[in-house]
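Peer 1: Here it is, the structure, as C-alpha cells.
Please treat every number below as a calculation from the coordinates, not as lab data. The structure displayed is predicted, hence computed values, not measured ones. No Cβ is skipped: glycine too gets one built from the backbone with ideal geometry, and neighbour counts run over all protein chains shown.
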Amino acid sequence: MHLSSDNLYFELLPAIRGIFLQSTSVTVNLTANESSNNIAKTKNAYNKWKEKRSTLNSIYLDNSLSVSQVLAELKVFESQLTPEQKKLPSFIFIQNIGLINVLPGTANIKEENDDFSIPTVKKPLEQKIVLVTGGAQGFGEGIAIRAFKEGAHVIIADLNEEVGNKLVNKYNIEREMGNRMMYFYVDVTNEESIKTLMENIVDNFGGLDILISNAGVLRAGGLDELETSEFDFVTDVNYKGFYLCTKYASLIMKTQNQFNSSGYSDIIQVNSKSGLQGSQKNFAYAGSKFGSIGLVQSFALELVESRIKVNAVCPGNYFDGPLWSDPNNGLFVQYLKAGKVKGAKNIDEVKRFYESKVPMKRGVGIDDVMMAIIYAIDQRYETGQAIPVTGGQIMK
Ligand SMILES: NC(=O)c1ccc[n+]([C@@H]2O[C@H](COP(=O)([O-])OP(=O)(O)OC[C@H]3O[C@@H](n4cnc5c(N)ncnc54)[C@H](O)[C@@H]3O)[C@@H](O)[C@H]2O)c1
C-alpha cells in the first residue's frame, strides 16, 4: 500500500480510531522506527514476533490491499475482539507503513440511549482529544488546563513555543487519568503550518474530537487611525485563521465519525461580545468576530451531516487577563494614558468604570467561558449558535 501523507493522516489513522471508538475510548499512534518497520516488512517477520506474544491483540496487513480493504479487515478484527481484549492495546502492522498502536483509554463511552444523567456524572471531556489554538496564555491557557484536569488529551497549539512547552512540562507530570498534554507550534494564518499541526496530532493521537479555535488578536483604532496592514493582521488571525483550522480539523473529524456511527465532534470558536454588537473604534476586531459568526453558522449547516457541531462562545471582557491587565501595555494602562475614561486617575478607577458597565458588575472569568464550552459540547441538540457569556451585558 502506497499512501500519501494526506491519505495517512486525514483518512487511514482517523478511520482506525473511529472503528475502535465504537466500543471504547482510544487513541491511536503510528510507530515507524527500525524495529517496528522490520516486523511490518514481511508476514514471516510478523509471525515470528507473534509467536512469542500470542496473547496480544495484533493483526498483519500486507501492501496489496487498498485503504478500503484494510479498513474492512480492521472492522472484522475489531468486532471479533472480546470485551476483555478491547481493554488491551491492539497492534496493527501494515506493510510499508509500520506499526499502528491502538491504546484504549479509561473512560466509559455513553450509550446513545442511556437514561438522562446530570452532566457531573459523566465527564464530557474525559479521554477526548482537544486542540486549543492560542493555548499558551490567556483564555486558551485556562481552557487547556481545565480540559486537561477533566481528563482530556490536550494539544496546545500556539506561536509561543517557550510558554507552550513550559505549560506542557508543568501539567504533563501531574496527570492522573492517563491523559497527555502536548505542545505544537502553529501560526493559524498559515495553511501549511495548520496542516502540519493536524498531521502531528493524528500521528500522536490518531484523531481529533474537539477544536477550540481561540487564537485571536486585537488592534483598536478608528477609521482615521488604524493602518490597513493592522486591519489585515486582525482579519487574518481571527477570521481566516478560524476558517483554516476548521478546514483541516473537520477533515479528520469527518473520517473519524464516518467509522464511528455514534460519534460526535465539536468545533467551538472563542468569539467575543464584539461579535454580537459593534465596538467603538474597534471595527477591525468586531468585523472579524461578526464575520466568524457567519462562518460558524455556515460550517454548522455543512458539517451537521458528519455529526460535527459548530458553535461560538462570546465572552465579555476578561479584565484579569493579560490583554487588559498587563502592567506595561494592557488596555487599562493604555486607556488611562489616553484619558479614555474621563476623571480616572489610576488603573483601579479605569477598571471600575468598565466593571460598572456590566449588569453583574465584574468581568468574565475563565470558568464562565468553560461552562459555556462544556454546554456546547454536552448539548447534542444544538449547533450554529453564538452563546453570550457577558454577565448580562449583551442580551440576544
Ligand atoms: N481578553 C478578552 O477580554 C477577550 C474577550 C472576549 C473574547 N476574547 C477572545 O478570546 C481569545 C483569546 O484571547 P486572550 O485575551 O486570551 O488573548 P491573549 O493575547 O492573552 O492570548 C492569545 C494567544 O494566541 C496566540 N496567537 C496569536 N496569534 C496567533 C497565531 N497567528 N497563531 C497561533 N497562535 C497565535 C498568542 O501567542 C497567545 O498565546 C481571542 O480570540 C479573543 O478575541 C478575549
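Peer 1: Note down the nm distance, to one decimal, between modelled labels 7 Å out along Cα→Cβ at Asn96 and at Leu3.
Peer 2: Label-label distance for Asn96 and Leu3, simple model: 1.2 nm.
Peer 1: Here's another thing I want to ask about it. On full extension of the chain, what length is gained from Leu88 through Val341, given 0.36 nm per residue of separation minus the C-alpha to C-alpha distance?
Peer 2: 84.9 nm
Peer 1: Let me ask something else about it. Using the Kirkwood formula on the Cα atoms of the chain, what hydrodynamic radius do you get, in angstrom to one decimal?
Peer 2: Kirkwood hydrodynamic radius for the chain: 22.5 Å.
Peer 1: Set Lys and Arg Cβ to +1 and Asp and Glu Cβ to -1, take the dipole of the chain about its Cα centre, and tell me which of Asn282, Ile347, Gly294 lies farthest positive.
Peer 2: Ile347
Peer 1: Give me Met181, Met395 sorted ascending by neighbouring Cβ count inside 10 Å, so fewest comes first.
Peer 2: Sorted ascending by nearby Cβ count, the order is Met395, Met181.
Peer 1: Something else: Would you work out the charge dipole size for the chain about its Cα centre, treating the Cβ of every Lys and Arg as +1 and the Cβ of every Asp and Glu as -1, and quote it to the nearest 20 debye?
Peer 2: 660 debye
Peer 1: Can you tell me the dipole magnitude for the stretch 5-104 around its Cα centre, using point charges on the Cβ only (Lys, Arg +1; Asp, Glu -1), in Debye to the nearest 20?
Peer 2: Rounded to the nearest 20 debye, it is 340 debye.
Peer 1: When Arg380, Arg146 are ordered from fewest to most other Cβ atoms inside 10 Å of their Cβ, what list results?
Peer 2: If I rank by nearby Cβ atoms, fewest first, I get Arg380, Arg146.
Peer 1: Here is the link list: Lys149/Lys357; Lys149/Lys342; Lys128/Lys240; Lys75/Lys289; Lys166/Lys396; Lys123/Lys357. Which ones come out longer than 31 Å on Cα distance?
Peer 2: Long pairs (Cα-Cα over 31 Å): Lys149/Lys357; Lys149/Lys342; Lys75/Lys289; Lys166/Lys396; Lys123/Lys357.
Peer 1: Could you compute the FRET efficiency for Asn169 and Asn63, with r as their C-beta to C-beta distance and R0 at 51 Å, rounded to 0.05?
Peer 2: For R0 = 51 Å, the calculated efficiency reads 0.85.
Peer 1: Rounded to the nearest 500 deg cm²/dmol, what is the calculated helix-only ellipticity per residue at 222 nm for the chain, with -39500 (n - 2.57) per DSSP H run of length n ≥ 4?
Peer 2: Helix-only estimate at 222 nm: -12500 deg cm²/dmol.
Peer 1: What order do you get for Arg53, Arg180 when you list them from fewest to most C-beta neighbours inside 10 Å?
Peer 2: Arg53, Arg180
Peer 1: Within the stretch 345-382, name every residue whose backbone N is under 14 Å away from a label modeled 7 Å from Cα of Leu301 along the Cβ vector.
Peer 2: Counting only backbone N, you get no residues.
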